[in-house]
Amino acid sequence: MPTPAITLLPKQRRPLDVAQWTPPLDVDALERILAAFRNWDPLDWDAILEDLADVLGQEAPEHEELVGLADRLHSTLIRLLSIASAGHADEKDQEAVVLIERARTLDTEDFPDDRWKALGYVRRLGWTINELMERLSRTGHIDAVS
């Protein structure tokens with residue numbers, strides 16, 4: 001069987017006009033991202049679960065403990081809101097929308113001076129965090145928390 005003839009295309013006489021590639025981020029933006037990665041601290045699920053147990057348990061924490069618990073829980077709440085926002089959970093899941101709105105409302109509230117109001121505030125933080133963690137776990141935004 002004869003081999004088919006191969007036809008060569010003529011060589012181009014000039015280079016193609018192609019725009020030079022530029023990176024999507026400049027050096028400053030890349031340095032900010034690198035610094036964020038270096039400063040990133042993963043969520044400590046064990047510590048979060050301990051705080052939730054302290055807040056939601058049958059024994060009410062002492063008033064002096066409430067301020068520290070509120071600070072830690074508020075920090076956890078903000079981080080979970082960031083995870084939900086980055087994963088567009090508020091666009092995909094109606095239950096997540098309700099929890100995110102509740103979390104944002106709690107985020108705007110000030111820590112009460114009254115002991116019982118402070119305990120109620122910290123417990124609302126705890127329940128919201130617990131439910132938001134569970135929802136984000138079910139929807140695949142975070143790994144299952146055990």
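Only the coordinates and a few stated rules stand behind these numbers; no lab work does. Predicted, not measured: the structure shown is a model, and the values here were computed from it. Note that each Cβ is placed from the backbone with ideal geometry, even for glycine, and that neighbours are counted across all protein chains shown.
Between the helical axis of 115-138 and the longest alpha-carbon principal axis of the chain there is an angle of about 30 degrees. Please compute the modelled spin-label separation between ARG104 and ASP71, points set 7 Å along Cα→Cβ, answer in nm with one decimal. Here the answer is 2.8 nm between the modelled labels. State the label only: which of (i) 92, 43, 26; (ii) 52, 35, 20; (iii) 53, 34, 30 corresponds to Cα extents along the principal axes in Å computed from the shown model? Label (i) holds the value from this structure. Gain on full extension, evaluated as 0.36 nm per residue between ALA53 and LYS92 minus their Cα-Cα distance, stands at 11.1 nm.
Note: relative contact order over the chain, using C-alpha pairs below 8 Å and six or more positions apart, is 24 percent. Against the main long axis of the alpha-carbon atoms of the chain, helix 94-108 sits at an angle near 60°. With contacts defined as alpha carbon pairs under 8 Å and 6 or more residues apart, what's the relative contact order of segment 66-146 in percent? Value for segment 66-146: 38 percent. Scanning the chain for chymotrypsin sites (Phe, Trp or Tyr not before Pro) that sit in a DSSP loop and have at most 12 other Cβ atoms within 10 Å, the longest stretch containing none of them is 41-146. Take the Cβ atoms of TRP40 and ASP113, set R0 to 41 Å, and the FRET efficiency comes out at 0.75.
The angle separating the long axis of helix 45-56 from the principal Cα axis of greatest extent in the chain is about 30 degrees. Here the chain is scanned for GluC sites (Glu not before Pro) in DSSP loops (not H, G, I, E, B) that have at most 11 other Cβ atoms within 10 Å, and the longest stretch holding none of them is 1-58.
Note on the chain: GNM, Cα springs under 10 Å; of GLN94, GLN58, GLN20, the largest mean-square fluctuation is that of GLN20.
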